[in-house]
Amino acid sequence: MTNVPSLPRGKRLRDEERSDVAAELLRRYNSGKSIRDICAETGYSIGRVRRLLEEAGVEFRRRGGATRGSGRGGRGGRG
């Protein structure tokens, strides 16, 4: 796994660094990692990761998790 620079909150990436980091984050995302996984690995905020992925031309996946009412036969009512 390629290292990404550790950045304190509010510190900006230089242009040449920015495209390399964005490409690495895109590679991780396309390999199946979630944005939260990437945040945990890099220490970057969700906003920073999303912006860098957008700059790299990402096609975001739909959000995961359970959908409303799945497997319950209704809208969550009792009975």
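All of the numbers you see were taken from the coordinates with simple rules; none came from a lab. Since this is a predicted model, take the numbers as computed values, not measurements. Don't worry about glycine lacking a Cβ; one is built from the backbone with ideal geometry, like all the others, and counts go over all protein chains shown.
Of the peptides 28-36, 12-20, the ranking by mean beta-carbon count within 10 Å, highest at the top, reads 28-36, 12-20.
Oblate is the label for region 1-46, because the ratio a/c of its alpha-carbon gyration tensor axes (a ≥ b ≥ c) is 1.5 or higher and a/b is not greater than b/c. Computing FRET efficiency as 1/(1 + (r/R0)^6) for Glu55 and Asn30, where r is the C-beta to C-beta distance and R0 is 22 Å, gives about 0.90. Taking other C-beta atoms within 10 Å as the exposure proxy, Val49, Val58 rank Val58, Val49 from fewest upward.
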